[in-house]
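Worksheet: one structure, shown below.
Here, each number is a calculation from the coordinates, and none is a lab measurement. Only a predicted model underlies this, so the values are computations on that prediction, with no experimental measurement involved. Note that each Cβ is placed from the backbone with ideal geometry, even for glycine, and that neighbours are counted across all protein chains shown.
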Amino acid sequence: MSECGCGSIPVSGPLKTPEEALELLLSSIKPVTEIEQVPISEALGRVLAGPVFSQTDVPPWDNSAMDGYAISTADLTQENSTLPVSQRIPAGVAGDPLQPGTAARIFTGAPVPPNADAVVIQELCEQTDDQVLIKQVVPSGANIRRAGEDSQKGQQILASGIRLGPQHLGAAASVGVAELPVYRRLRVALFSSGDELVMPGGKLGPGEIFNSNQFTLAGLLEALGCDITNLGIVEDTFDATCNALARGAEQADLVLTSGGVSVGEEDHVKPAVEKLGSLDLWKIAIRPGKPLAFGHIGKTPFIGTPGNPVSLFVTFCLFARPYILSCQGITENVLPTPITAIADFDWNRPDKRREFARARLELDESGSARVSLFKSRSSGMLSSLTWANGLAIIPEQQTLSRGEQIQFLPFSELLS
């Protein structure tokens, strides 16, 4: 809830490094604590609020890992042995104890019958009528999945604080869990600042552009599993900006904006935040995306992204994303993992700011990962983000030559 008029913290001095900015954001995390019980069918992407324990042994009994023939190895002493087939055991059927000197036709996942201690795969067998020729001797335990080898009753299978993926839901279902405790979704209030903005489908007038930022931010937030309150386009006035910030702070856990965080006469977000609360971060030594604002509207956190669409995208992925994931209760590492590749370009213009260049990673004829850059550094070209599949990290005050190693952040690490 917003508490207007609580003062502001002046933001001055040198630009923050990316590491300093991340430390500031992540040190101020107040995770969601409310817990909901949801069916596993509705838990994808949610953050687990408590450990999950197995309700049974998995698998619950010894079962066949392959289609073949269950046998007692005591009856198979030499290659090319012939045994009578005494029964057929498909998955979902419990067979009778194996009769001495016989084999049981068995299928993947079916319980291994008592007295059998191995399964011979069907490729090593030839069945004719009621007899099976087994061409190879196998050891005891061959092709059998033992009871409890995946998990045992009472064993913890999922830890609190993970973001649930399909594999986690499958693991929970496999041990008989039907519902999962998850933290409620993070509520984010979103608005765009700018009199020049028009919603898609409208008609553009002189000096107007379509509002792409709202859809970029909303898509990024939806991919992270947030509940979004969209406050739309806010006119470029100080009072309208203050009102929108206050409304967002009353309704949400986080207020997120695009545009209006620079120092122009029509940029009202920064002074409005300073009036309503505090501004703790304003500029970061990166390109693109220097003007990223972080503070509070009363007690409600606020993140203001730049108006240029590429700067917005980059700053959200690098800073807002790990902040939001941590706010959701995730206890795992929320920072993206870069990969090492080979620069397929020359960089002869060292910059005092770290560059996160739009880039594409592809494999060359030898299978080596090579990174090429988009043709332009303009932060207004959304087409560069549809061309790219990640960001190349170019350290500050450095040059690069084609063939040197470079760090690359794939979008797969940044967009979920």
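For Cα extents along the principal axes in Å, the choices are [x] 92, 51, 43; [y] 71, 54, 43; [z] 81, 60, 45; which was calculated from the structure?
Identified label for the calculated read-out: [x].
What does the helix-only formula give at 222 nm for the chain: each DSSP H stretch with n ≥ 4 adding -39500 (n - 2.57), the total divided by the residues, and the result rounded to the nearest 500 deg cm²/dmol?
So the calculated ellipticity at 222 nm is -5000 deg cm²/dmol.
Which whole-angstrom value gives the distance between the alpha carbon centres of the stretch 131-168 and the stretch 11-61?
Result: 29 Å between the Cα centres.
Taking H as built 1.01 Å from N, whose amide H comes closer than 5 Å to the amide H of F210, not counting residues under 5 places away?
Amide H to amide H, under 5 Å and 5 or more residues apart or across chains, F210 pairs with V198.
Residue-wise, which Karplus ³J(HN,Hα) couplings in Hz belong to the stretch 138-148, taking 6.51 cos²θ - 1.76 cosθ + 1.60, θ = phi - 60°, and x for glycine or proline?
Couplings: 10, x, 4, x, 4, 6, 10, 8, 7, 4, x Hz.
Counting other Cβ atoms within 10 Å, keep those with at most 10, restrict to DSSP loop, and tell me which GluC sites (Glu not before Pro) in the stretch 187-287 are left.
Hits after loop and neighbour filter: E265.
Provide the per-residue ³J(HN,Hα) series for the stretch 297-303, in order, calculated from phi with Karplus coefficients 6.51, -1.76, 1.60 and θ = phi - 60°, each as a whole number of Hz, with x at glycine and proline positions.
9, x, 9, 8, x, 9, 10
If R₀ is 51 angstrom, what is the calculated FRET efficiency for the pair F238 and A173, using the beta carbon separation as r and rounding to 0.05?
0.45
With +1 on each Lys and Arg Cβ and -1 on each Asp and Glu Cβ, and nothing else charged, work out how big the dipole of the chain is about its Cα centre, in Debye to the nearest 20.
Here the chain has a charge dipole of around 940 debye.
From the residues T340, I406, Q99, which one has its Cα farthest along the dipole of the chain in the positive direction, the dipole being from +1 and -1 charges on Cβ of Lys/Arg and Asp/Glu about the Cα centre?
I406
Label S383 and T128 with points 7 Å out from Cα along Cα→Cβ: what is the distance between them in nm?
7.2 nm
For a quick protection proxy, order the peptides 77-85, 116-124 by their average other-Cβ count within 10 Å, most packed first.
Per-residue Cβ counts within 10 Å, averaged per peptide and sorted highest first, yield 116-124, 77-85.
Ranking T386, T229, T305 by Cβ neighbours within 10 Å, fewest first, what do you get?
Starting with the residue having the fewest Cβ neighbours, the order is T386, T229, T305.
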